[in-house]
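These notes concern the structure reproduced below.
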């Protein structure tokens with residue numbers, strides 16, 4: 001129940017909150033297992049060698065399972081980005097004069113520690129929407145590069161479900177090899193290798209970790225400075241704004 005002088009504003013549906021927390025858990029597992037795959041940092045609490053306990057195999061299996069989960073949630077997020085009946089975030093990333101003005105106002109608010117707040121925070125603002133769009137683009141790159149490394153493990157061109165599966169993966173992910181080489185400063189596509197994909201996959205993980213750190217910081221920051229319970233959105237789906245705020249923007253979202 002909202003306290004006197006505030007009204008409750010719904011910001012996330014149950015489906016959106018489920019996707020959020022599934023991604024949180026999946027990312028923790030993906031980072032922990034991915035770091036192990038790149039450079040094994042533990043063996044086992046029992047004296048037997050790690051190879052006898054399939055430690056790498058279990059880490060690779062866990063990494064692959066959460067990657068599949070990310071595939072599914074990414075498809076759902078992409079659909080909701082354009083066709084959600086609750087809100088359609090793509091409208092907030094279009095470079096319109098209104099969105100650019102709002103993005104700038106939110107950025108100034110952050111940089112000046114809330115000394116200047118010339119925007120309506122009842123709805124999803126352009127700054128946050130662009131920021132989350134960057135996250136999903138990074139995640140999409142992780143998925144494509146991850147599948148490219150996975151399909152190279154099917155060197156025979158066959159899989160348990162037929163040759164069509166490796167063929168399809170090569171079709172949709174082989175482009176990541178020259179692009180990865182270009183990202184690392186190589187401009188000769190003939191010199192591009194799978195190692196370029198591994199390196200960019202690993203670097204992108206660190207970009208995602210930085211993104212998560214700022215995301216948590218910013219949500220706590222908003223909760224403290226705006227005093228609208230923003231951090232509670234991912235739990236209860238709602239935030240609270242002062243009653244005297246204009247509802248015009250809210251009615252259009």
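Things worth noting here:
- Number of the exception - residue 223 against (1) closer than 27 Å to residue 69 by Cβ; (2) buried (at least 16 other Cβ atoms within 10 Å of the Cβ): (1)
- Filtered residues of segment 147-200 (kept if assigned to a helix (DSSP H, G or I), within 24 Å of residue 35 (Cβ to Cβ) and touching a residue at least 24 places away in the same chain (Cβ under 8 Å)): 147, 148, 149, 150, 173, 176, 177, 180, 194, 197, 198, 200
- Test: residue in segment 46-53 that is under 24 Å from residue 208 (Cα atoms), more than 21 Å from the chain's Cα centre (by Cα) and at pLDDT below 95: no
- Enumeration of residues in segment 82-102 that are within 19 Å of the chain's Cα centre (by Cα), crowded, with 18+ Cβ neighbours inside 10 Å and part of a helix (DSSP H, G or I): 92
- Lone qualifier among 207, 240, 214 - being under 26 Å from the mean Cα position of the chain (by Cα) and under 23 Å from residue 5 (Cβ atoms): 240
- Residue in segment 129-142 that is under 18 Å from residue 12 (Cα atoms), at pLDDT 95 or above and buried (at least 19 other Cβ atoms within 10 Å of the Cβ) present: yes
Each row is one residue, and each column tells you yes or no for (1) out of contact with any helix residue (DSSP H, G or I) (no Cβ under 9 Å at 6 or more places or on another chain); (2) without any contact (Cβ under 8 Å) to a residue 40 or more places away in the chain.
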| position | (1), (2) |
| --- | --- |
| 55 | no, yes |
| 58 | no, yes |
| 70 | no, no |
| 88 | no, yes |
| 92 | no, yes |
| 95 | yes, yes |
| 112 | yes, yes |
| 123 | no, no |
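The values are calculated or read from the model by the stated rules, or taken from the named source; none is laboratory data. Keep in mind it's a predicted model, so treat the numbers as computed, not measured. All Cβ positions, even for glycine, are placed from backbone atoms using ideal geometry, and neighbour counts span all protein chains on display.
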